[in-house]
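S.K.: Sharing a structure here in structure tokens format.
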Amino acid sequence: MAQVAPNERVLAVTPVGYAKEGSSLQERAMSRFGRNWRRRPMSELVTGLGEKDRPDWMKAALEAARLAPSAMNRQPWRFQVDKNSITVSADSALNPTMVVSKRLDCGIAMLHSRLGGSAAA
């Protein structure tokens, strides 16, 4: 596993929010390029507490995390939900050489889940 040296920092930037109305030609072209990458259904991402038993804040948190951006739209995160908690982990079945990007992606999903859950609370 890659380690961050004492004199190194991992910097990341992630978009939050919605795209503006109306797209440029370049944005439309990029959107078409990525069409093969669809968001995974919640059933592939979440284990634990059944959907009917999840409180509204948890449903909103999970949906926000499901929609979060990730490197190459892989959605490497998986969620284990219990009555009052959501645990985020990286899918171990994905390429193990991309450990750092998977961790960043999971951090992005965590941020989105926090924002989504807070908005619904």
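S.K.: Multiply the residue gap between Ser92 and Ser23 by 0.36 nm, knock off their C-alpha separation, and tell me the result in nm, one decimal place.
M.R.: 21.2 nm
S.K.: Between Ala5 and Glu63, how many nm apart are label points set 7 Å from Cα along the C-beta direction?
M.R.: 4.6
S.K.: Ranked from the most accessible area to the least, with a 1.4 Å probe and all protein chains present, what is the order of Met72, Met58?
M.R.: Met72, Met58
The values are calculated or read from the model by the stated rules, or taken from the named source; none is laboratory data. This structure is a prediction, so every number in the text was calculated from the model and none was measured. All Cβ positions, even for glycine, are placed from backbone atoms using ideal geometry, and neighbour counts span all protein chains on display. When the accessible area is computed, the model is the full protein with side chains, heavy atoms only, and any ligands, DNA or RNA have been set aside. Shrake-Rupley method; radii C 1.70, N 1.55, O 1.52, S 1.80 Å.
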